[in-house]
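K.L.:
Sharing a structure with you now.
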Amino acid sequence: MAAAGSVLVGRPLAKGGVAAGYDAVVVGSGAGGLTAAVCLARQGRRVAVFEQHYTAGGYTHAYRRRGWEWDVGIHYVGQLAQREPVRVLSDYLTGGALEWAPLGDPYDEYRLAGEAYPVPVGPDAHRAALTARFPAERAGIEALFALAARCRAVLPVLALGRLSGPVARPLARVLRTAAVPPRALLPAREVVAGLIGDERLRQVLLTQAALLLADSTARLPFFLVAVLSEHFRTGAWYPVGGSAAIARAMLDPIRESGGEVFVRAPVARIELTGGRAAGVLLADGTRVRAPVVVGAAGAQNTLTRLLPDPTGARARRLAGMRSGFPFVVLFLGLDGTPAELGLPRHNLLVTDGDCDSFFDGDPGQRTSGLFVSFASAKDPTWAARHPGRSTGEILAYVRPELFEPFRGSPRRDRDPGYLALKAELTAELLERLHRELPRTRGRVAHHELGTPLSAEHFGGWPGGSLYGLAKDVAAFGDGRRPGLADWLRPRTGIDGLYLAGQDCLAGGFLGAVTGGLLAAHEALDRTGRARLWSALARGSARRAAPAPAPAPA
């Protein structure tokens, strides 16, 4: 078992301990996979999680190099005030062991063409700040915030519609008519432009969505802008002890039911018997039987690489969907404390004043605006763990074709052109950092650039996308035509096989854990589902008593 504070989470497959059979197998240990595994384990299921990387956690994992420590994906999470949804789920998944530290007020700051826009906590405060800055747009601001409030139920309704059963889908259709405003499914840029005349204000309202959701707001549905506003309504939080604490806190519930999280354990294929899932074959030849298999390694991996598909039907459907933009992230090690270096606790979102130009294909831009984050300024345990040092990350999206010439080259023997491209991008990102935070100049003691090829190697996401398949208007549907992703449900259509993670519904931590929760719901029998939702409704972290194995679907 990983020691408290370790960034390595999980048991290496080489150390043994794999049983011949489990009640459920989960492929992939990101937030969605671990959520599904814990929800099943809390209903008495013995669950094995198999992760190809050397540590569990997916984009919630952290790593250390030469005494420095970085997060790879978690920079803040919302809805963690008492009794808010993510807090309730976090406490259920970890028994309350996972602690969260608030980022304070503001929780974000947009720097758009040199102008700073701090984002205060709470919609009332944010609305007032925008009105004070753009008094001529008061009516549009009020209308926009009112529309966003009407969109609060859109994501839950869409989630309900992804479930099977005689009640869920009919109820979702009724609720969709009542709770989903028609404009919620239109492109965010179109909706905002219809209410706001000032282009600077439009950018303030859209920048967070573009840089957090990795797409043009001409393609992102407006309800996702509203989802972000609702998600951070009461502020933002960061996991105490760093993002590795998330997966570490989810180990015990899995182990208490006789399960395990295995790392360095790639899955070669999902095995079927008589048309239903029967377990997995590991890359080392080990067969593991299970009546329930949860694919949490992305839809493309689960439904095409790991499953036999003689007709290629699933591959063709996935090929008709866009993938999200790949990214680079510059990991920084700095000499000095956050206070000495002027590093903010809140995140910085930096653009040249047009958050969409890169995503819309501006030929003069090979990288997007920046998302800048410093875990060392957010984590209250950092100074004790790493005195006198700071770390941070600069994330920017890149064009898919930028690294395409180097795909397939050996990781430890990359093409010189690849190394030159990395050096160019590193220099660009460092210079942009120093312009925004001048006290960092001359204080960067270590840096390394992760690329889409790095993400593809370590995370297994095809193309190195941060969010898997694109979460755009085409994926969700516009209210008149069905969405291209409507068929991607937790229940796959293959008995015993379920899909978890971001491709089930939405991107990011919230989307991943929601996808894991929905997959567990579908995999459980009626008694298990009732216990799961009852515990969540009570906000309880008490471990449920063991229940019978789930009945065949």
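The values are calculated or read from the model by the stated rules, or taken from the named source; none is laboratory data. The structure presented is a predicted model; accordingly, all values stated were derived computationally and were not measured. FYI the Cβ positions are ideal-geometry reconstructions off the backbone, even for glycines, and counts take in every protein chain you see. Protein only, heavy atoms only, side chains kept; ligands, DNA and RNA dropped before computing areas. Shrake-Rupley method; radii C 1.70, N 1.55, O 1.52, S 1.80 Å.
K.L.:
Would you work out the Kirkwood radius for segment 403-547? I mean one over the mean of 1/r across all pairs of different Cα atoms, in Å.
P.N.:
Values: mean 1/r = 0.0515 Å⁻¹.
Here the Kirkwood hydrodynamic radius works out to 19.4 Å.
K.L.:
Another question, if that's okay. Counting helices only, and only those DSSP H runs with n ≥ 4, report the 222 nm mean residue ellipticity of the chain as the sum of -39,500 (n - 2.57) divided by its residues, in deg cm²/dmol to the nearest 500. Write down the numbers at each step before the final one.
P.N.:
Numbers: 20 runs with 190 residues, N = 553.
Mean residue ellipticity, 222 nm, calculated: -10000 deg cm²/dmol.
K.L.:
Could you work out how far apart the two model spin labels at ASP415 and THR273 are, taking each label as a point 7 Å from the Cα in the direction of the beta carbon, and quote it in nm?
P.N.:
4.6
K.L.:
Under 18 Å between alpha carbons, and skipping anything fewer than 8 positions from LYS15 in its own chain: which aspartates and glutamates qualify?
P.N.:
The reachable aspartates and glutamates, counting only those whose Cα sits under 18 Å from LYS15, are GLU51, GLU260, ASP284.
K.L.:
Using the Cα centre as the reference, give the magnitude of the dipole from point charges on the C-beta atoms of segment 96-205 (Lys, Arg: +1; Asp, Glu: -1; all else neutral), rounded to the nearest 20 debye.
P.N.:
Details: 14 positive and 11 negative charges, 143 e Å.
The calculation lands at about 680 debye.
K.L.:
Output ³J(HN,Hα) for segment 62-77: one whole-Hz value per residue in order, computed from phi by the Karplus curve 6.51 cos²θ - 1.76 cosθ + 1.60 with θ = phi - 60°, and x for Gly and Pro.
P.N.:
10, 9, 10, 8, 6, x, 9, 9, 9, 7, 9, x, 8, 10, 5, 9
K.L.:
Would you mind calculating the gained length between ARG316 and GLU190 on full extension (0.36 nm times residue separation, minus the Cα-Cα distance), in nm to one decimal?
P.N.:
On the way: separation 126, 0.36 × 126 = 45.36 nm, distance 3.05 nm.
Answer, rounded to one decimal: 42.3 nm.
K.L.:
For HIS446, which sequence-distant residues (separation of 5 or more, or a different chain) have an amide H within less than 5 Å of its own amide H, given hydrogens modelled in the peptide plane?
P.N.:
So HIS446 has HN proximity to GLY333.
K.L.:
Can you tell which of GLY122, CYS39, LEU112 lies farthest toward the positive end of the dipole of segment 1-142, using +1 and -1 charges on the Cβ of basic and acidic side chains (Lys, Arg; Asp, Glu)?
P.N.:
CYS39
K.L.:
Ignoring any ligand, DNA or RNA, what whole percent of the accessible area of the chain comes from carbon and sulfur when the probe is 1.4 angstrom? Spell out each step's value before the answer.
P.N.:
Numbers: 11710 of 21170 Å².
Answer for the chain is 55 percent, counting heavy atoms of protein chains only.
K.L.:
From largest accessible area down, sort TYR76, TYR92, TYR59; use a 1.4 Å probe on the protein chains.
P.N.:
Details: TYR76 25, TYR92 0, TYR59 50 Å².
So the residues, ranked largest to smallest area, are TYR59, TYR76, TYR92.
K.L.:
When you count, for each residue, the other Cβ atoms within 10 Å and take the mean per peptide, how do 118-128, 161-171 rank with the highest first? Let's see the in-between values first.
P.N.:
Numbers: 118-128: 16.3, 161-171: 14.5.
Descending mean neighbour count gives 118-128, 161-171.
K.L.:
Something else now. If you count the DSSP beta bridges with both ends in the chain, what percent of them are antiparallel, to the nearest 5?
P.N.:
Details: 49 of 70 bridges.
Percentage antiparallel, nearest 5: 70.
K.L.:
So for TYR467, TYR117, what's the accessible-area order with a 1.4 Å probe, most first? The partial results should precede the final answer.
P.N.:
Numbers: TYR467 40, TYR117 15 Å².
Final ranking, largest accessible area leading: TYR467, TYR117.
K.L.:
Sticking with this structure for a sec: How much FRET efficiency would the formula 1/(1 + (r/R0)^6) give for VAL167 and ALA132, where r is the Cβ-Cβ distance and R0 is 30 Å, rounded to 0.05?
P.N.:
Working: r = 47 Å, r/R0 = 1.57.
After rounding to 0.05, the efficiency reads 0.05.
K.L.:
Please find the FRET efficiency linking GLU401 to ARG526, where r is the Cβ-Cβ separation and R0 is fixed at 51 Å, and quote it to the nearest 0.05.
P.N.:
Values: r = 49 Å, r/R0 = 0.97.
The computed FRET efficiency comes out at 0.55.
K.L.:
Roughly what would the spin-label model give for GLU199 and SER6, points 7 Å off Cα along C-beta, in nm?
P.N.:
5.5
K.L.:
Any idea what the alpha-carbon Rg over 2.2 N^0.38 Å comes to for segment 1-133? Don't jump to the answer; show the numbers that get you there.
P.N.:
Numbers: Rg = 19.5 Å, N = 133, 2.2 N^0.38 = 14.1 Å.
In units of the 2.2 N^0.38 Å rule of thumb, it is 1.38.
K.L.:
Now a separate question. May I ask you to rank LYS422, LYS471, LYS15 by accessible area, largest first, using a 1.4 Å probe over the protein chains only? Walk me through the intermediate numbers first.
P.N.:
On the way: LYS422 50, LYS471 30, LYS15 145 Å².
The ordering from most to least exposed comes out as LYS15, LYS422, LYS471.
K.L.:
What residues qualify as long-range amide H neighbours of GLY353, i.e. H under 5 Å apart, gap of 5 or more or another chain, H built at 1.01 Å from N?
P.N.:
Here the answer is ALA113, since their amide H atoms fall under 5 Å of that of GLY353.
K.L.:
On to the next question. How much length is gained on full extension from HIS457 to ALA149, taking 0.36 nm per residue of separation minus their Cα-Cα distance?
P.N.:
On the way: separation 308, 0.36 × 308 = 110.88 nm, distance 4.01 nm.
Length gained, HIS457 through ALA149: 106.9 nm.
K.L.:
Please compute one quarter of the surface area of the Cα convex hull for segment 128-257 and express it in square nanometres. Could you put the intermediate results ahead of the total?
P.N.:
Working: hull surface 44.8 nm².
Result: 11.2 nm².
K.L.:
Another question, then. Length gain on complete extension for the stretch GLU340 to ALA97, per 0.36 nm per residue less the alpha carbon to alpha carbon distance? Please report the intermediate quantities before stating the final value.
P.N.:
Details: separation 243, 0.36 × 243 = 87.48 nm, distance 3.18 nm.
84.3 nm is the gain from fully extending GLU340 to ALA97.
K.L.:
Hey, another quick one. Find out how many positive minus negative residues lie around GLY369, taking Lys and Arg as positive, Asp and Glu as negative, among other residues whose Cβ is under 12 Å from that of GLY369. Let's see the in-between values first.
P.N.:
Numbers: positive: ARG111, ARG432; negative: ASP352, ASP354, ASP356, ASP362, GLU436.
Around GLY369, the surrounding residues sum to -3.
K.L.:
Report the label-to-label distance for ASP362 and ALA113 in nanometres (one decimal), using points 7 Å from each Cα along the Cα→Cβ vector.
P.N.:
In this crude label model, ASP362 to ALA113 measures out at 1.0 nm.
K.L.:
Follow-up. Quick one: net charge of PHE325's neighbours, Cβ under 15 Å, K/R +1, D/E -1? All intermediate terms of the calculation are to be shown ahead of the outcome.
P.N.:
Numbers: positive: ARG219, ARG322, ARG366, ARG399, LYS471; negative: ASP215, ASP356, ASP360, ASP362, GLU401, GLU404, GLU456, ASP472.
The answer is -3.
K.L.:
Can you list residues whose amide H is under 5 Å from ARG269's amide H, if they're 5+ apart or on another chain and H is modeled 1.01 Å from N?
P.N.:
Under 5 Å from the amide H of ARG269: LEU281.
K.L.:
Another one. On each of the three principal axes of the Cα atoms of the chain, give max minus min coordinate, whole Å, ordered largest first.
P.N.:
Computed over the Cα atoms, the extents are 62, 55, 46 Å.
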